[in-house]
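The structure appears below as structure tokens.
Each value in this text was obtained by applying a stated rule to the coordinates, not by laboratory testing. This is a predicted model, so every value here is computed, not measured.
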Amino acid sequence: MKILLIFTLCLISDGGDAKKVTGYSGGGVLIKYKYDTKFTQNQKYFCKGSGPYCSDQIKTGAKNEWINSGRFSLFDDTKSAVFSVMIRELTVQDTGMYYCGVYRDSWMDIYTTVDLKVKKGSLVSRKVTAYAGTRSNIKCSYDDEYKKKPKAFCKIKTHQWCFNQISTEPNRLWSHNGRFSIHDNRSAGFFSVFIRELITEDTGTYACAVVVSNETEFYTVLTLNVTQDLSSEKSISKTVHVGGDLTVSCKYPESHRNDNKFLCKRPALAACLYSATVKESRKHVNNGKFSLYDDRETQMLTVSIRSVTEQDSGEYWCGAEAAWKSEHGYKVYFTQIDLTVTGEFV
Ligand SMILES: *[C@@H]1O[C@H](CO)[C@@H](O)[C@H](O)[C@H]1NC(C)=O
Ligand SMILES: *[C@@H]1O[C@H](CO)[C@@H](O)[C@H](O)[C@H]1NC(C)=O
Ligand SMILES: *[C@@H]1O[C@H](CO)[C@@H](O)[C@H](O)[C@H]1NC(C)=O
């Protein structure tokens with residue numbers, strides 16, 4: 001228990017109003033506090049309370065490493081004189097006033113107040129399944145007010161914040177980092193994360209984050225489960241002569257039996273462009289030269305491209321939309337089709 005004599009006039013604060021921070025239940029928040037460089041060696045703490053009594057959630061003298069205490073973590077970056085506090089697995093009960101403080105033995109502490117509000121989110125315990133060797137496109141929704149803020153995606157390892165973070169960049173449609181790409185669709189109110197060449201080690205907990213300011217970020221979490229699915233062929237190569245037809249059957253996992261299926265063509269690096277979608281079982285859907293037929297009984301999606309031209313050469317994917325229309329949707333890609341269109345017979 002730390003007593004903060006907040007009614008004493010000589011208490012030094014950063015003078016500003018309380019920082020307003022919003023989070024969502026099940027997710028987390030990151031709060032940064034810049035302090036005067038002369039306090040780099042002091043202990044730092046984060047405590048909860050709105051009166052003169054404040055109970056420490058975390059307090060440490062450690063520097064330049066994450067220190068964990070339950071759902072709270074603190075990182076004191078002495079180079080930039082900024083300390084960061086992370087709160088994970090938020091609940092509505094975490095709503096309240098907090099202090100980010102610099103501890104001073106025989107002086108009043110220096111602190112800033114944080115007004116945390118935790119909203120009940122609909123994205124608690126969200127699960128995404130995907131298959132090794134294929135790709136996935138995950139949707140991260142956000143409220144309208146965060147449209148213009150940068151977005152980020154990263155893997156959360158035990159007790160630590162963000163590994164291999166990938167962020168949106170201003171004036172760029174897609175940003176890439178290794179097998180991961182991110183794209184903010186502002187008009188639709190979500191950002192997409194696209195992961196290529198999935199491996200089972202990608203299984204884990206991930207954060208869909210919104211960078212609200214240089215001082216606060218919040219995130220919602222999702223659990224990605226990448227399994228080896230042995231029932232379907234992951235890659236099919238076909239060579240078709242100009243004017244010929246391509247027909248390929250894509251076997252898919254049972255868990256996607258009731259989802260809409262699609263065929264899409266992939267331009268370099270970025271996500272797939274839709275060629276056609278089928279929403280019902282045993283019904284032919286035609287879209288120009290593309291046609292799709294989904295037999296949910298046998299878990300087989302049959303795709304055709306009629307009278308191909310050389311421009312049809314390229315990489316296609318058979319996939320399923322898992323609740324894509326909802327705010328926690330994602331797309332699963334299960335079979336890659338490499339089409340090569342060659343010249344006519346002489
Ligand atoms: C964020 O930016 C404001 C205004 O530029 C600055 O006063 C503050 O110290 C910054 N905070 C951090 C944590 O860098
Ligand atoms: C944004 O999302 C909407 C609705 O899902 C979609 O129609 C549109 O193509 C997307 N835009 C981009 C650039 O991906
Ligand atoms: C991942 O999914 C597979 C197949 O659906 C299941 O057997 C496995 O238990 C799941 N693993 C986790 C960590 O959820």
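Some values worked out for this structure:
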| quantity | calculated |
| --- | --- |
| Percent breakdown of C-alpha pair distances by 10 Å bin, ordered from the shortest bin, for the chain | 5, 22, 25, 19, 12, 9, 5, 2, 0, 0 |
| Relative contact order of segment 40-168, defined on C-alpha pairs under 8 angstrom at six or more residues apart (%) | 18 percent |
| Sequence-distant residues sharing a close amide H with ARG296 (under 5 Å, placed H) | ARG282 |
| Average Cα contact separation per residue, the chain, under 8 Å, 6 or more apart, as relative contact order % | 15 percent |
| Relative contact order for segment 184-274, counting Cα pairs under 8 Å that sit 6 or more residues apart, in percent | 17 percent |
| Percent of beta bridges antiparallel (DSSP, the chain, rounded to nearest 5) | 85 percent |
| Karplus-derived 3J(HN,Hα), 6.51/-1.76/1.60, for each residue of segment 25-34, Hz, glycine and proline x | 4, x, x, x, 9, 10, 10, 10, 9, 8 |
| Subset of LYS20/LYS44; LYS238/LYS283; LYS139/LYS283; LYS119/LYS149; LYS38/LYS155 violating a 23 Å alpha-carbon distance limit | LYS238/LYS283; LYS139/LYS283; LYS38/LYS155 |
